[in-house]
1. Counting only residues that are touching a residue at least 60 places away in the same chain (Cβ under 8 Å) and surrounded by 12 or more Cβ atoms within 10 Å (Cβ to Cβ), give me the strands (runs of 3 or more DSSP E) lying completely in the stretch 278-326 with at least 2 of them.
2. Does the stretch 63-71 contain any residue that is out of contact with any strand residue (DSSP E or B) (no Cβ under 7 Å at 6 or more places or on another chain), at pLDDT 90 or above, outside any loop (DSSP other than H, G, I, E, B) and of a type in the set (A, V, I, L, M)?
3. With 202, 178 as the choices, which residue is of a type outside the set (A, V, I, L, M, F, W, C), out of contact with any Pro (no Cβ under 8 Å at 6 or more places or on another chain) and open to solvent by 40 Å² or more (accessible area, probe 1.4 Å)?
4. Exactly one of (1) open to solvent by 50 Å² or more (accessible area, probe 1.4 Å); (2) not in a helix (DSSP H, G or I) is unmet by residue 35. Its number?
5. Across the stretch 247-268, which residue is modelled with the lowest pLDDT among those that are open to solvent by less than 50 Å² (accessible area, probe 1.4 Å) and farther than 17 Å from residue 207 by Cβ?
6. For the structure I just gave you, tell me whether residue 229 is surrounded by 19 or more Cβ atoms within 10 Å (Cβ to Cβ) and in contact with a Ser or Thr (Cβ under 7 Å, 6 or more places away or on another chain).
7. Before we move on, is residue 85 in contact with a Ser or Thr (Cβ under 8 Å, 6 or more places away or on another chain), open to solvent by 20 Å² or more (accessible area, probe 1.4 Å) and not basic (Lys, Arg)?
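The values are calculated or read from the model by the stated rules, or taken from the named source; none is laboratory data. Keep in mind it's a predicted model, so treat the numbers as computed, not measured. All Cβ positions, even for glycine, are placed from backbone atoms using ideal geometry, and neighbour counts span all protein chains on display. Remember, those area values only see protein heavy atoms, side chains included, never the ligands or the DNA or RNA. Shrake-Rupley method; radii C 1.70, N 1.55, O 1.52, S 1.80 Å.
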Amino acid sequence: MQLRRQILNILADGRFHSGEELGEALGISRMAVWKHIHALRERGVGMEVVKGRGYRFPSSVELLDADAIHAAVQPGTRRQIAAIETLLQVDSTNNRLRHQALDGAPSGSVCLAEMQSAGRGRRNRSWVSPFASNLYLSLLWRSECGIAGLGGMSLVCGVAVLRCLEQFGIQSGGLKWPNDILVDGAKLAGILIDVAGESTGPCAVVIGVGINVAMPEHASDRIGQPWTDLCALSGVDRFPRNLLAARTLDCLLAAIGEFRTAGLQGFLDDWCRYDVMAGRQIDVYLPGETISGRACGIDETGALLVNTAGGQRRFSSGEVSVRPVP
């Protein structure tokens with residue numbers, strides 16, 4: 001696996017490199033290089049192979065680098081990070097950290113991957129995770145307040161990610177309850193929270209963040225909703241993913257600190273400012289029924305408030321769609 005990482009590092013410049021050149025750099029044969037290239041392509045790493053010229057990525061890429069991320073975070077963040085792991089591929093960064101948490105991994109453990117084979121969104125929907133195109137990041141936080149004290153955690157993390165994106169000039173983002181980040185109705189990012197532990201005692205919280213950075217057009221066939229990415233919004237061909245990862249960790253850990261001190265209350269004003277559903281007609285999908293009404297924000301626990309024909313109702317779970325404006 002280390003040799004494959006070295007091959008990717010060489011190819012990251014987007015130029016052609018021959019099998020002979022790669023073999024000399026790595027101390028292996030051209031046939032061994034070909035086998036590694038074949039294995040990478042089988043895993044979904046897109047690259048061009050041209051006889052007589054060699055191998056290259058269609059464009060230069062910035063591969064994830066744990067040392068670069070660690071160096072870029074704020075000093076206060078650095079003190080809270082236990083370890084940063086960057087992987088070529090994993091089923092899901094959340095799954096990996098959840099298993100590590102059960103084995104005793106410390107709070108502040110971070111996992112990122114270049115691609116996921118089974119990335120998850122809410123309700124176990126697949127999260128399209130092409131190679132080196134987006135940010136797939138998970139953070140382990142150990143809490144003493146228990147599962148019962150984590151109400152609204154996904155909302156807090158949504159606000160944190162938007163605060164991060166604003167540092168990169170993304171000022172038009174909004175939040176769709178409970179954990180989607182949209183720009184002009186198109187999905188840019190999502191949050192997934194996994195919690196294991198006691199209702200009123202110690203628990204492990206795995207916070208997963210997926211941000212579209214430079215989504216390949218061919219991946220859109222597998223995405224069942226409008227989407228956008230940071231390159232399109234910023235008008236650039238390449239976005240600094242390691243710096244994005246560092247700033248995401250800065251904002252997440254700062255928000256966790258605020259949440260521990262003041263709970264969800266300290267985030268309600270920001271949530272209301274970012275809320276893309278407020279005043280809109282929505283449908284809430286529950287098992288066996290669909291509730292329609294007008295969204296009117298969230299309460300102090302993070303539950304969605306909806307004015308329906310039968311009066312105001314609150315929802316702590318459910319799938320929501322926003323009706324188009326006539």
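1. Numbers: elements: 281-286, 289-298, 304-308, 311-315, 319-322.
Passing ranges, in order: 289-298, 319-322.
2. yes
3. Only one candidate qualifies: 202.
4. Of the numbered conditions (1) open to solvent by 50 Å² or more (accessible area, probe 1.4 Å); (2) not in a helix (DSSP H, G or I), the odd one out for residue 35 is (2).
5. 266
6. In short, no.
7. yes
Rundown of residues vs (1) β-branched (Val, Ile, Thr); (2) more than 25 Å from residue 138 (Cα to Cα), yes/no style:
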| residue | (1), (2) |
| --- | --- |
| 245 | no, no |
| 268 | no, no |
| 285 | no, yes |
| 290 | yes, yes |
| 302 | no, no |
| 306 | yes, yes |
